[in-house]
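**Q** Dropping a structure here in structure tokens format, bear with me for questions.
The values are calculated or read from the model by the stated rules, or taken from the named source; none is laboratory data. This one's a predicted model, so the numbers in the text were calculated from it and none came from an experiment. Neighbour counts run over all protein chains shown; Cβ positions are idealised from the backbone, glycine included. The accessibility values were calculated without ligands, DNA or RNA, using every heavy atom of the protein model including side chains. Shrake-Rupley method; radii C 1.70, N 1.55, O 1.52, S 1.80 Å.
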Amino acid sequence: MLIMALCGLGLSLVSSESNAVSNHFFANKTGAAHLERGTSTAAPLATPTPTPFSHPLLFPPVATETNVSIGIDEACVQILDGPCTSMWTYGGTYPGITIRRPTGQTTNVTFTNNLGPAAGELTVHNHGNHSTAVNDGQPDSLLIPTLGSRTYTYNGLEEGGNQRGKMQFYHDHRMDVTGRNVWMGLTGIYIVDDPADPQTLPSGAFDLPLAIADRQFDVNNQIPYVFDPDGVTGDKILVNGVYQPYLEVGDRKYRLRILDASNARTYFLALSTGDSFIQIGTESGLLPAPVARTGMRMGSAERLDVVVDFAGKLGQNVYLTDLLTGMPLIEFRVTQHVVDDSSIPPTLRSLPDIGEPTVTRNWSFDKTASHWTINGLRFDPNRVDARPALGTTEKWVFTNPTNQAHTVHIHDVSQQCISRNGGACYPYETMKETWYLAPGETLELKLKFTDHVGMYMLHCHIIEHEDDGMMTQFEVVRPTTPRPRPTPLPRPTPR
Ligand SMILES: [Cu+2]
């Protein structure tokens with residue numbers, strides 16, 4: 001359980017040292033926070049940055065039932081030392097309750113919107129799930145009213161079989177205010193377990209979801225949201241809602257399912273030992289074969305499913321570090337010797353055969369008249385920019401003529417990489433649903449529209465770009481088949 005506290009209760013945790021001096025934060029250009037101590041002055045007291053690696057890594061509670069009820073509640077979450085942080089939560093924690101379900105099973109998740117009118121109506125998108133359109137978390141319809149509920153049903157199926165095993169996540173998707181709602185805490189992990197995946201991978205206590213997200217705290221440890229169309233970032237990077245946590249581990253392999261749950265921040269992850277991660281999966285499940293990587297870029301909403309081996313490291317501390325800020329994010333203390341019964345097979349999961357594309361569409365992730373746009377247009381819920389036919393495969397080409405990166409996210413079905421910048425795709429991006437598109441890059445993907453008709457979103461997952469207009473929608477439609485000509489009735493023979 002995440003540590004929860006009432007706001008008033010949290011104040012008692014302010015250290016006596018911070019009562020004696022006034023502390024001021026200054027963020028340098030890399031985003032690292034520095035503490036400067038001065039003489040005692042009037043309130044408000046700045047709160048101290050926790051001593052690095054003084055708090056244990058936490059995991060949200062896990063729901064595994066068919067029917068899950070989640071209250072969307074305001075809660076005061078203990079994150080930094082000192083006052084707790086008032087957040088909007090799925091079930092009272094940040095991240096919210098983890099939902100973990102076997103593939104192929106129906107799951108009903110009922111959300112009740114207990115936030116006040118200031119939050120307004122809400123909607124929940126199960127990111128990476130193959131949902132029917134009405135259960136996909138539409139941004140401007142089928143909303144969860146204030147003090148009302150809505151049940152989302154996920155059947156765990158895809159094109160005649162089970163969905164692939166993977167880590168999805170659920171988050172708010174309300175038009176124009178997704179950035180605010182996610183920043184305030186509306187994010188939770190959703191894991192689909194698939195018995196068709198190799199069962200020798202690290203599992204149970206050795207399979208750890210890690211949601212990485214940055215926040216900017218004020219002197220009272222609150223996180224007021226100030227919209228910036230270029231992306232809202234903060235100087236504190238949290239893992240599962242804890243700032244620079246530690247975790248005691250054994251000297252064996254662990255599966256880390258890493259999610260960039262930030263609104264906008266990109267990370268470049270490495271291990272302090274210089275060892276490789278063995279990447280085994282993406283947003284869309286296991287790769288065809290594992291890929292060793294010493295550094296991994298991760299943009300907003302991307303997931304990295306990796307295995308890290310602490311064998312031979314007994315007694316050492318190993319850090320997962322973000323090389324872009326130079327900040328260590330988590331300290332793994334290798335304190336126990338344990339027998340490792342896990343292994344990584346040389347082949348994991350083959351890609352589904354989705355055929356060859358019959359239609360090509362081009363999508364330019366652009367800036368137009370000072371706003372983020374797709375093909376020059378801002379989001380309009382009354383406009384549909386593509387109507388692919390159910391059962392067909394299309395090629396979608398993404399370009400980025402701007403000077404900022406975008407993370408392209410397509411709802412409904414996963415996509416397979418055809419080419420990046422006219423050449424080969426990276427070996428770890430064979431199939432995904434959130435794609436890093438750096439300035440000047442071109443990405444060719446193919447996707448097959450299966451099972452469901454209806455409206456789905458396509459957008460940048462740097463959420464402030466999305467809220468500013470870098471989103472559009474496509475409607476999967478039933479194929480138009482030529483009507484069979486009715487057999488003419490025999491005419492009566494004229495007499
Ligand atoms: Cu963008």
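**Q** Please pick out the residue among Gln216, Gln168, Gln138 that is modelled with pLDDT of 95 or more, open to solvent by 60 Å² or more (accessible area, probe 1.4 Å), more than 16 Å from the ligand (Cβ to nearest atom) and under 30 Å from Asp366 (Cβ atoms).
**A** Gln216
**Q** Still on this structure: So which residues in the stretch 192-207 are surrounded by fewer than 19 Cβ atoms within 10 Å (Cβ to Cβ) and in a strand (DSSP E or B), if there are any at all?
**A** Within the stretch 192-207, Asp193, Asp207 meet the criteria.
**Q** Can you list residue pairs whose Cβ atoms sit under 6 Å apart, with the first residue in the stretch 331-343 being acidic (Asp, Glu) and the second being not in a strand (DSSP E or B)? Count only pairs 6 or more apart in sequence or on different chains.
**A** Between residues of the stretch 331-343 that are acidic (Asp, Glu) and residues that are not in a strand (DSSP E or B), the close pairs are Glu331/Phe53; Asp340/Arg252.
**Q** Output the number of the condition that Lys367 fails; it satisfies all remaining conditions of (1) open to solvent by less than 50 Å² (accessible area, probe 1.4 Å); (2) within 16 Å of the ligand (Cβ to nearest atom); (3) not hydrophobic (A, V, I, L, M, F, W, C).
**A** Single failed check for Lys367: (1).
**Q** Spot the failing condition for Leu377; the list is (1) open to solvent by 50 Å² or more (accessible area, probe 1.4 Å); (2) away from the ligand (no atom under 15 Å from the Cβ); (3) in contact (Cβ under 8 Å) with a residue 12 or more places away in the chain, and only one is missed.
**A** (2)
**Q** Is there a residue in the stretch 469-477 that is within 16 Å of the ligand (Cβ to nearest atom), over 30 Å from Val306 (Cβ atoms) and either open to solvent by 20 Å² or more (accessible area, probe 1.4 Å) or part of a loop (DSSP other than H, G, I, E, B) (or both)?
**A** Within the stretch 469-477 (the criterion being within 16 Å of the ligand (Cβ to nearest atom), over 30 Å from Val306 (Cβ atoms) and either open to solvent by 20 Å² or more (accessible area, probe 1.4 Å) or part of a loop (DSSP other than H, G, I, E, B) (or both)), the answer is yes, since at least one residue qualifies.
**Q** Just to verify a result, which residue in the stretch 231-270, among those that are over 30 Å from Leu314 (Cβ atoms) and in contact with a helix residue (DSSP H, G or I) (Cβ under 7 Å, 6 or more places away or on another chain), is surrounded by the fewest Cβ atoms within 10 Å (Cβ to Cβ)?
**A** Gly231
**Q** Would you tally the residues in the stretch 433-468 being part of a loop (DSSP other than H, G, I, E, B), under 20 Å from Asp385 (Cα atoms) and within 10 Å of the ligand (Cβ to nearest atom)?
**A** Residues that pass the stated criteria total 1.
**Q** Please go through the stretch 380-399 and give me each residue that is surrounded by fewer than 21 Cβ atoms within 10 Å (Cβ to Cβ) and within 16 Å of the ligand (Cβ to nearest atom), ordered by number.
**A** Correct list: Thr399 only.
**Q** Still on this structure: Which ones in the stretch 69-89 are hydroxyl-bearing (Ser, Thr, Tyr) and either within 30 Å of Gly161 (Cα to Cα) or open to solvent by 10 Å² or more (accessible area, probe 1.4 Å) (or both)?
**A** Once the filter is applied, which keeps residues that are hydroxyl-bearing (Ser, Thr, Tyr) and either within 30 Å of Gly161 (Cα to Cα) or open to solvent by 10 Å² or more (accessible area, probe 1.4 Å) (or both), the stretch 69-89 yields Ser69, Ser86.
**Q** So, in the stretch 332-345, exactly how many residues are open to solvent by 10 Å² or more (accessible area, probe 1.4 Å) and outside any loop (DSSP other than H, G, I, E, B)?
**A** 3
**Q** I've got another one for you. Output the residue which, of all residues in the stretch 430-449 that are hydroxyl-bearing (Ser, Thr, Tyr) and open to solvent by 10 Å² or more (accessible area, probe 1.4 Å), is farthest from Asn362 (Cα to Cα).
**A** Here the residue is Thr430.
**Q** Out of all the residues in the stretch 31-39, is one or more in a loop (DSSP other than H, G, I, E, B), at pLDDT below 95 and open to solvent by less than 50 Å² (accessible area, probe 1.4 Å)?
**A** yes
**Q** One residue is enough: does the stretch 201-221 have a residue meeting the conditions polar (S, T, N, Q), under 17 Å from the mean Cα position of the chain (by Cα) and at positive phi?
**A** So far as the stretch 201-221 goes, no, none of its residues is polar (S, T, N, Q), under 17 Å from the mean Cα position of the chain (by Cα) and at positive phi.
**Q** Would you pick out the residues in the stretch 102-128 that are surrounded by fewer than 22 Cβ atoms within 10 Å (Cβ to Cβ), farther than 21 Å from Gly148 by Cβ and either in contact with a Leu (Cβ under 8 Å, 6 or more places away or on another chain) or not hydroxyl-bearing (Ser, Thr, Tyr) (or both)?
**A** Within the stretch 102-128, Pro102, Gly104, Gln105 meet the criteria.
**Q** Does Leu348 meet the test of being part of a loop (DSSP other than H, G, I, E, B) and modelled with pLDDT of 95 or more?
**A** Spelling it out, Leu348 is indeed part of a loop (DSSP other than H, G, I, E, B) and modelled with pLDDT of 95 or more.
**Q** From the list Ser300, Ser284, pick out the single residue that is under 14 Å from the mean Cα position of the chain (by Cα) and within 16 Å of the ligand (Cβ to nearest atom).
**A** Every option except Ser300 fails the conditions.
**Q** Does the stretch 414-431 contain any residue that is under 29 Å from Ser141 (Cα atoms) and within 16 Å of the ligand (Cβ to nearest atom)?
**A** Within the stretch 414-431, none of the residues are under 29 Å from Ser141 (Cα atoms) and within 16 Å of the ligand (Cβ to nearest atom).
**Q** For the stretch 293-314, does any single residue satisfy the condition of being free of Cβ contacts under 8 Å to residues at least 24 places away in the same chain, assigned to a strand (DSSP E or B) and not charged (D, E, K, R)?
**A** Looking for residues that are free of Cβ contacts under 8 Å to residues at least 24 places away in the same chain, assigned to a strand (DSSP E or B) and not charged (D, E, K, R), one finds none in the stretch 293-314, hence no.
**Q** Inside the stretch 320-330, can you point out the residues that are buried (at least 18 other Cβ atoms within 10 Å of the Cβ) and either aliphatic (A, V, I, L, M) or over 22 Å from the mean Cα position of the chain (by Cα) (or both)?
**A** Across the stretch 320-330, the qualifying residues are Leu320, Met327, Leu329, Ile330.
**Q** For Gln222, indicate whether it is closer than 30 Å to Asn114 by Cβ, part of a loop (DSSP other than H, G, I, E, B) and open to solvent by 10 Å² or more (accessible area, probe 1.4 Å).
**A** Taking the combined requirement at face value, the residue satisfies it.
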